[in-house]
Every structure is written in structure tokens, then in C-alpha cells.
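A short worksheet on the structure shown next.
The values are calculated or read from the model by the stated rules, or taken from the named source; none is laboratory data. Since we're looking at a predicted model, the values are computed, not measured. Here the Cβ is made from the backbone with ideal geometry for all residues, glycine too, and neighbour counts use every protein chain on show.
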Amino acid sequence: MSFHLIFSSTAWCKYNNHFAQKWLIGCSLFLFNIQMPSMAMAAVHTGMPEKSKATGQQQEGSIIAGIVRDKSGNPLIGVNVINKGTGTGTITDVNGHFSLQAAAGTSLEISYIGYNSQKIKIGTQKDLDITLLESSQFLNEVVVVGYGTQKKVNLTGAVDKIDSDAIGALKVNTMGEALQGQIPNLNVGIADGKPGRAANFTIRGTGSINGGSPLIVIDGVPSTTTDLNNLSPQDVAEISVLKDAASSAIYGARAAYGVILVQTKRAKAGEFTIDYSNNFGWSEATRIPDVYMNPVDYLDIIEGEFNANIGQTYFTEAQVNYPHEVANNPSLPFAQVQNIGGKSTLLLGGEVHNYYKEWFRTFSPKQNHHLALRGGGEKVKYYVSGDYNHEEGALEFKPEKINRYSLRSNITYDLNKHVRFYNNTSFMRRKEDLPNTYLYSFCSNVWRFIECTNPLMPETVTVDGKEVPTDIGFYKKFLTEQSEYKKEQHSLSTTLGTDLSFLNNELKLHADYTYQFMNWNNLRWWDNKGPYLSHSFNNRNIVLDKYADAGPATVYRSMSNTKAWNVNAYASYTKLIHGHHVTGLVGFNRESYDYLYLYGERQDPLAEISQHSLNLGTGSYKATDDDDRNISQSAFFRVNYDYQGRYLAEMNGCYNMSSKFAPGNRGAFFSSFSAGWRVSEEPFFEPLRRVFGNLKLRASYGELGNQNIGSYDYLPVFSFQQSNYLLEGERVSYTTSPTPKSNNFTWERSRTVDVGLDASLFDNRFSFTADVYQRNTENMLATFQSLPSVFGATVPKENNASLRNRGWELSLGWNDVIGTRQGDISYGVRFNLSDYTAEITDYYNSTNYLGDYYVGQKLGEIWGLNTLGLFRTDEEAQNSALLETSSYKQYASAGNIKFEDVNGDGKISKGAWTLDDHGDYRIIGNTTPRYQFGLTLSASYMGFDLNAFFKGVAKRDIYPAAESVNFWGPYNRKYQVLLDHIVKDRWTPDNPDAYFPKPQGYIASSTNQDLGVPQTRYLQNAAYMRLKNLTIGYTLPKQWTGKIGVERLRFYLSGQNLFEITGLHDTLDPEGLEKDPDANQGGVGMGTAYPVQRTFAFGVEIQL
């Protein structure tokens, strides 16, 4: 396929030759790489011009010596001095001296981290005395905060920042991947490795038992988690995370649990530039279960151990013997149906199928293309970008296919130096073509279906001379031919705004209006028509004409429209008088939200047609809708004060009103105060300024509200339903009693205290930030008291619970440049570490029942039993305390789990299951991730660059839940897939010291059974460190690329999730411990979710 762009106007081309040439090259690269990715690798090979002899020869010259000092006259150590004519260089010694050879007319470049570089042309001088001035970059670095920016050195709140360089170094295509581990206590959760899986974000851990997520603001507009997940990382210029109440209070009730401020790339005046980049990659699962592959004794182990040890059978004797018959007589078919005892029975003799590996490929492609145009003059400046992202899943015959298309434009128009108008517009379209994995409730995804399938079973079996699909074969046909799942999303956001400045920029006015629209359309249908070979629980099979467990064939359609309107208007005034600097800001915000959802379903659709409709069906029909609207508005202010940049103070306030609360409770005022002291600016600190560039102490206190509830939660609601009974031949409609609501239903409130320290040392090469905080959340909604059953309704929730969250965070950074004769080596190290715990401080639980929250509870607690080991003899088992709730106590024998009878009552029980009487249970662990850290190592030298990012958790406990089949195998259910690690490490009389106990089915299927109950023996250490991202790149020298009109050309290779160090069992991934978020069946456990993916990629970056 080829593309041809033709311009018929020669005059236009001549006049706009420079612009047109860059436009053509950029667009051609974009289109070429999308349509023909396979040719991208061939384009990587680039010839290099031979280095001229003149360049390679060292110019002659005399020895130049000198000293480099700072503005106070102190010598600087390790300053880079480079001869630009020859490329040779040196560094200053401990006294600031240097010497090197340089010819007259050449230039020396003197550079040092934290100082402005200098270029000096060599004449006749032999001795140089050079003074470097401190770079103002660090002191003038600004950070985006609520409704404005502030100098970083003057911040008094807990604010962290990450810029486009750090984001771009990772070479990832989603913001969740870009932000993981980058900022301390910004917790980014990605449930599994499913393509397109959205990340969720929290700041400083749990904020409320009712959930609490941060406010997300993109280019000044309140946005959703979906908006952030669909944003291209390459469009992001800077992200600020406001963590404490002082920095967030200006947003009031919207920001109870922090704020994520995203600023996309802006227009810049100057020469027109085109930036194009691509990324081609493939992924594979980090963990794939290993199925036990010996067909001869596979059924012997299942039937003779997992079934026999609980007194049950599953396979017939003929079925168990058949693999042995096949082994002795290879002419027998691997699978056949025989009539045994008057019943058709399926005999399976091999081979064993590992459907995990047969159905899931190790090469799931993905690609991304990004094109950005930037330029402008004194009046108009623009940044326009387009992004295309494609991902595919791992299922071999029906992979997920997700395409995301996005456009963004940021345009400013300066009417004059006092008046600016701007428009930010973004559009996104996302299309998903997915396998409809949900066949029936128990097997709600592919992993779940495979783990419930006997791996001896092939996809088809010959019955009466015809090939008939088995269960697993029917499911494959169902996925590829008899079902469909399509999702499509469109979103649009456009902002019109203006900035006015007066009185020499002391007075500034701002106003903006934003309209946002998001639309979802979903279509899902499936047909359960057979034939297929089904088996009952004794594995005796018959051919059925439809899949019996699935229910009638159905078509579903749903759509949702979300509209939002946002208005901001604020004014700021700043004044500096004799070292006293005061800035004030006042403003107003109003947000309106309108949501409409429609859902319809029709049974027995016409499956033979290509387009499915609710009208084209013959079965029953049902529909529902949801209409949701709310409005919030606020008035806010901020006052900043500093004296000579030394003493700092800030006060914020916000009066919020929300329609989500009843009249009389709709308004609330929230405020904060913070102060800082830049010790490094004090006169007494002068002797230490050679070491410290900045040393600041700060503290803050603030109160915020939480309006993260439903729009009508304060209203009693009637339920309108249709009766299943006939009255005079018709089904009548009726209403139920409304759900009672509390009269004091009002705002949750969080109060935060934060103390922090910021420092930079060694000419700003080393940076240090530390915070300690406590956040108390009060008025959380919870059930307050028990009422008699004759009350006849659910007890309403009231604002009566409290939670305390305590934590700390630490960030360290080091950046430096080492000069060599061949060129500078730049390197950097960034490290962050954080921790938090959350504890219930007030909750109505009169009996301290452990099945509910209770005062003093640390969130994430795991209550379980102490395991003493495995019983050595049958006699020991029969004379010991056994788990009271076990269904198989009568089969107690050698190899079973032995628990500690803590209270000595002769049984293992929960007691009354209260804090005062919890029987033999105790707290054995906690699921809260503790001491989360991120480590980034970067370096560059002579065009080569390397970036390595490690992420980890130093402390966390996990217990493999019931239904975690990838870990428990047939211990969970006796018919589930037998895994290799189970066979190798299960108890047998010949292996009494095994890890797993005597094989028994169902003992891991619920918390009432021996393995389902949390216990110390199988409690997992989920601490880990993982190489999340490694990127190696090379940028061609500009003297080469400049000859073809290319400003910058870089090639790179990258990988994600390359390796990890963990204390977990080999079957578990430390970042894949969640249940399947899409599962319709509540009993699924770990291992049913989409596996975490290991990704490899390569790409090119071009700037014209």
C-alpha cells in the first residue's frame, strides 16, 4: 500500500517550502508506520557517513590553564571543561584548577550541575579565571497547583511532581504504567494484564471505608479516571500530585483524598517542529500454569487420591483403567465413547492437553504511533497531536483487539501583552472487539473454563462416525462463532478560556468554560446451540443439542451518555513591598453533571444474522434505564505570604455546595493553613551554603470534605416492580416500601496534619524530600445500630464512623555529569519510599463481631490459624483437635493439616468470632502493601542512553483464597485441573515432608475447609522487587541527521516486567493477586484474572 500527497500549486509550495517539507515528511512517516509496521524494522538500518580525516585529527595548540570559582570566590571541584574544537576535555581538581591543550580561535565550554554553562573563545591568554553563576533553574522551578503555579522552593504543602522527561523515559502507552512507582504514596493499581485494563489511583492509601479516590484535573478541568487512562503519556508535560489538605483545600469537598493535576504539552513560539514516535511490541504472560502431563497416572491420582480420600468417586473404573490400556496398546484411540452398563461413557487415554499453553499465545502484538505539530509566532501558538494505540490479547483464536484514536489541540492567541485567549480540545475514540467469555456463572472466563476441564479431554470426539465438540471444544466454538462482544467509547472535551493581566502583571483575571461529553455503546450476544458432548459429574456423556448450563441465547445492548459543564472564574493579585511578598486569589467554580444509561436484553435472537438487534428475537424482553444528575459549586480563596523567600505561609478556604445532600446539609466550608521556613536563606546559614542549596521546613493542617456519594442517596426510594402472579389474567405492578434514610446524612470530613522537609545539596545535584502525616476521616457513613426484625427494612446508614491513616514518604535524587575526553557522562538516581497504615477509630459494633469493622482494626488484617505441620500418623490425626467446620473430619489421617489448639478446648474453632472470643484464630498477617518503593537509574553517553526502573513492596501478606485454582488445583474441587507443582510436592506415604497435604478434593473451596481457612503454613510473603521497565536508546549525531533535515533521530529498545525477586510461590505473580474484575461469579479466587504481561518493544523518535 502506498500514499501519495500532491500539491498542485507550485507557488504555494515555493512560498511555504520549509513548512510543507516538514509536514509531508511527518505525515508520511505517520501513515507509513501505521499501515506497514513490518517495514519499520528495515528502516532502522541507516548508513553512516565516514568520519572525515579533519574531524578525527586533533588540532594543535598550546596548554591553557585556569581556575573555576563560584560567585563567592570558592573553587569548584569536578567542573567539566571541554575543547569544542577537538572534543577533548578535563575536569577541575580539588582546588578548582584545570589545564588542557587548545588552539587559538577554538572555544572552551565550562559546565557544572546547578550552574549556568559558559563558552570562552581562546585568544592569546594562557591563564583563565572563570566564575560560574548559580543556575536559576532550580530556584525558579514552578509546580502546577490548584488554579495556578508556584515556585517549588516556596511550596508549604506536600506536593510531588513528575515531568515529561521522566514519563517519556519509560516508553509505555498508558498513564497507569507511566505513574506506577514514580511518586511516593501515589498508589496505582492495575488489577491484571488484560489489554486495555484501566488503572485506579489512590493517594496515601485508604481514605474511607466507603472508598475514596483523588480528584483528577486535566488542563484545569475536573476529569475522570477513564479520562486519565485514555490520555497518551506523550501528550503530558507535567503532573503534580497534591497530597495533603493544605495543597488540596482550594478544591474543597472534591479533593478529600488528594488531587492529581495533569498539564498537557503547550504551544511554544518559534520554529515549526514535527515530532513523530512509534512503538512496536509484543507481550507474553509472566506466569502460565504447568499441567501434569503424564496421561497414564493422571486419573489414578485424581480418582485414587483426591476423590478416594474424601470417600467419593468421580470417574468410573473403566475410565481410570483406559489410559493404561492405551499405553499397553497404542492402536487404541485416545478418546472414544463406549456403552458401559447401558450408558454412553467417554473413555480418555491421552494425550494430556495444557490448554493454558495451547490456547494462549506467547506473542501478543501491540503498537503505538504519535505525531505532534508545534509552532507559532508572537500572536498565535499551537500544539496539535494525534495518537493511535493498538493492543491485542493472548487468546490464540479470539484475541482481544483494542484500538484507541485520540486528537488533541492546545491553541493560544495573544491579543496583546495583557489579553490572551486559549482553546484546549481533545477527542478520543476507543473500539474494543472482545471474546464473550461469559458462558455461565461458574465458568465466567477462559481461565476458569480451562481449570474446570479434564486436560485429557480433546476438543472433539468421534460419536457414531461424526466429530462432536466436547465441553472445551464447544466453548472454543462459542467464542469464535456463536458470540460477540463489542464496546465503543467516544469522548470530547473542549475548553474556552481567557487570561487578563493589569498593573504590570500584579493583577490577573482568568475565566474558562468547559464542555465534556462521553458516550459508551456495548453489544453482546451469544447462542448456546450445540451439538456438544456433555458430561455429568460421573463423567458419563451424552450428545446434547444445546449447552444446558448456559440458559437461553441472549442479545444485550446498552448505552450511556455523560455530559458535564464546568465554569471557573478567579482573580489573583500579587504585591512585593520591602521584601514582603503577598499573593491573593479568589474564585468561583460550578460543575454540572448529567448521566443517562439505557439497557435492553432479548432472549432467543436470530443467531444466523450478522447484525444483532433487540427487535430480531423471539424470546422474553426486558429493559431498564438510569438517569442521574447533580450540581456542585464552590467559592474559594488562597493567600500566600513570604518574606524575602525565607518565611512562608499559605491559607486556603473553600465553601462547597452539593445537590447530593439534603437541603440544610448542602453547604460546608473547608480550610487549611501551612507555613514554611527556608533555613538556607538565614544569614547564620552562610557557612553551609556551599553544601546546601536549599533547606526548608514546612508544616500544614487542613480539613476537607467528601462528596463521593450517589446523587440521590439521601432520598428514600420506592422500588417499582411487576408481579410474577396473575390478577384477573394480567401481571400487576406494585411498589415496595422505601428504604429508610437518616436525617443527619451529611459530609464525610478528613483532617490532615503534615510535617515535611525539603533539601538540595551539592550544587543541587542531590535532592531530598520527606513527609510525615496523619489523616483522620470522620463522619463516614456506616450502620449505626441494630433494630428489631419487626422494623421490616434495612437499617439506614449514618455519619458515625471514623478512620485514622498514618504514614510517611521519602524521595531522594542525585544527578551529575562526569566529563571525559570523549564526552560527558550524565547519570541520575531517583529513589522513593513510602508507607501507611489505616485503623478504625470509631464504629458501631456493640459485640466487636469480627465479621464487621471494629474499633482498633488495622485494615487488611488476616485472621487465621497457626499450622503446626502435617499429621505423621492416623492415630495422631484421630486424637487431635480438628477444624470444627470441616466437612471431612471423619477422614482425618496422616498427611492432613494439624492446627494449633490455642485455647485447649479440643477443637479448632472461631469461638464466638468476636474480639473477646475468637477461639483459636489470631491475626497472622496483613494484606496492606507496606514500604512501597521505586528506583530509577539513568545514564547517557555519546548518544547512548539507558533508563532502568525498579518497583517493589518490602512487606505484604497474601493468603491464596478459596477458588484460587492455579495454586490449589484439585484441592479446590476434585475434578479441576491437576498441576505439576501439586503432583511433585503433595503428601504421600513416601513423601511425608511435602509442602501440600494429603490430596483431598474440596478442602480449599471455602473458608470452612482445611486449606480454605487462612493459616500460617500457606500464608504467602508477597514482598517483591521487579524490573518494571528497561529502555536503551541511541540518538544519531546531529551532524549526520542534519544533512537530511532531521533535527533528532533516536532508536530504542525497551522491556517491561523483565524479572522479579519475590517470596511468593512460583505460581503467583506479585502484581497479579487480584480476582478477575470482570468475573460475574463471586467465588472466583486469585489466578482467574488475566495474567500479568511481560512486554518487549522497539521504536523510533524523530524530530523535524
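Taking the criterion of being over 26 Å from Phe360 (Cβ atoms) and of a type in the set (Lys, Arg), the only residue of the range 187-212 that qualifies is Arg204.
The rows are residues; the columns are (1) more than 21 Å from Gly181 (Cβ to Cβ); (2) at pLDDT 90 or above.
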residue: Ser213; (1), (2): no, no
residue: Pro233; (1), (2): no, yes
residue: Ser240; (1), (2): no, yes
residue: Ala246; (1), (2): yes, no
residue: Ile250; (1), (2): yes, yes
residue: Gly258; (1), (2): no, yes
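Would you confirm whether or not the range 284-299 contains a residue that is modelled with pLDDT of 90 or more and within 30 Å of Phe670 (Cβ to Cβ)? Scanning the range 284-299 turns up no residue that is modelled with pLDDT of 90 or more and within 30 Å of Phe670 (Cβ to Cβ).
Across the range 988-1003, what is the total count of residues that are part of a loop (DSSP other than H, G, I, E, B) and touching a strand residue (DSSP E or B) at 6+ places or on another chain (Cβ under 6 Å)?
Here is the first cut: in the range 988-1003, the ones part of a loop (DSSP other than H, G, I, E, B) are 989-990, 992-995, 997-1003.
Next, only the ones that are touching a strand residue (DSSP E or B) at 6+ places or on another chain (Cβ under 6 Å) stay: 994, 997, 999.
Selection size over the range 988-1003: 3.
Ala158: over 30 Å from Leu648 (Cβ atoms) and among the small types (Gly, Ala, Ser), yes or no? So Ala158 does not fit the description; no.
Could you pull out the residue among Thr106, Thr131 that is surrounded by fewer than 21 Cβ atoms within 10 Å (Cβ to Cβ), farther than 25 Å from Gly1072 by Cα and touching a Lys or Arg at 6+ places or on another chain (Cβ under 6 Å)? Unique residue meeting the criteria: Thr131. Remark: pairs (first residue in the range 948-959, on the phi < 0 side of the Ramachandran plot and charged (D, E, K, R); second residue buried (at least 22 other Cβ atoms within 10 Å of the Cβ) and in a strand (DSSP E or B); Cβ separation under 6 Å; 6+ apart in sequence or on different chains) = Lys951/Arg1026; Lys951/Lys1028. In the condition set (1) buried (at least 18 other Cβ atoms within 10 Å of the Cβ); (2) assigned to a loop (DSSP other than H, G, I, E, B); (3) at pLDDT below 95, Asn966 is compliant with all but (2).
Give the residues of the range 144-168 that are part of a helix (DSSP H, G or I), over 21 Å from Tyr647 (Cβ atoms) and touching a residue at least 60 places away in the same chain (Cβ under 8 Å), sorted by residue number. Residues satisfying the conditions are Ser164, Ala166, Ile167, Gly168. With respect to the stated conditions, Leu395 is aliphatic (A, V, I, L, M) and within 21 Å of Asp192 (Cα to Cα). Going by the conditions given, is Tyr276 crowded, with 24+ Cβ neighbours inside 10 Å and in contact (Cβ under 8 Å) with a residue 24 or more places away in the chain? No. Restricting the search to the range 530-576, which residues are among the aliphatic types (A, V, I, L, M) and either at pLDDT below 90 or farther than 30 Å from Glu591 by Cα (or both)? Scanning the range 530-576 gives Leu533, Ile542, Val543, Leu544, Ala548, Ala550, Ala553, Val555, Leu576.
Taking the range 612-731 and the strands (runs of 3 or more DSSP E) fully enclosed by it, the elements with 3 or more residues that are crowded, with 19+ Cβ neighbours inside 10 Å are at 621-643, 647-658, 667-678, 692-706. Right, Asp835: in contact with a strand residue (DSSP E or B) (Cβ under 6 Å, 6 or more places away or on another chain) and either closer than 30 Å to Gly911 by Cα or of a type in the set (D, E, K, R) (or both) or not? Considered against the rule, which asks whether it is in contact with a strand residue (DSSP E or B) (Cβ under 6 Å, 6 or more places away or on another chain) and either closer than 30 Å to Gly911 by Cα or of a type in the set (D, E, K, R) (or both), Asp835 comes out as yes. Looking for something of a type in the set (Phe, Trp, Tyr), buried (at least 18 other Cβ atoms within 10 Å of the Cβ) and closer than 20 Å to Asp290 by Cα - is there at least one such residue anywhere in the range 981-991? Yes - at least one qualifying residue is present in the range 981-991.
For the range 466-517, a tally of residues being more than 30 Å from Tyr356 (Cα to Cα) and not in a strand (DSSP E or B) returns 4.
For the range 336-364, a residue qualifies if it is of a type in the set (Gly, Ala, Ser) and either within 45 Å of the chain's Cα centre (by Cα) or not in a strand (DSSP E or B) (or both), and the qualifying residues are Gly341, Gly342, Gly349, Gly350, Ser364. For the range 673-724, the tally of residues that are hydroxyl-bearing (Ser, Thr, Tyr) and either more than 30 Å from Arg775 (Cβ to Cβ) or modelled with pLDDT under 85 (or both) stands at 5. Filtered by the rule that a residue be within 30 Å of Gly465 (Cα to Cα) and in contact with a Pro (Cβ under 8 Å, 6 or more places away or on another chain), the range 301-342 gives Pro323, Val326, Ala327, Phe334, Ala335. None of Asp945, Asp917 is out of contact with any Cys (no Cβ under 6 Å at 6 or more places or on another chain), free of Cβ contacts under 8 Å to residues at least 24 places away in the same chain and either crowded, with 19+ Cβ neighbours inside 10 Å or over 18 Å from Pro184 (Cβ atoms) (or both) except Asp917. As an exercise: evaluate Tyr570 against (1) crowded, with 18+ Cβ neighbours inside 10 Å; (2) under 30 Å from Gly341 (Cα atoms); (3) out of contact with any Ser or Thr (no Cβ under 9 Å at 6 or more places or on another chain) and give the number of the one condition it does not meet. Answer for Tyr570: the failing condition is (2).
Condition check: farther than 30 Å from Asn776 by Cα, β-branched (Val, Ile, Thr) and touching a residue at least 40 places away in the same chain (Cβ under 8 Å). Does Val732 satisfy that? No, not satisfied.
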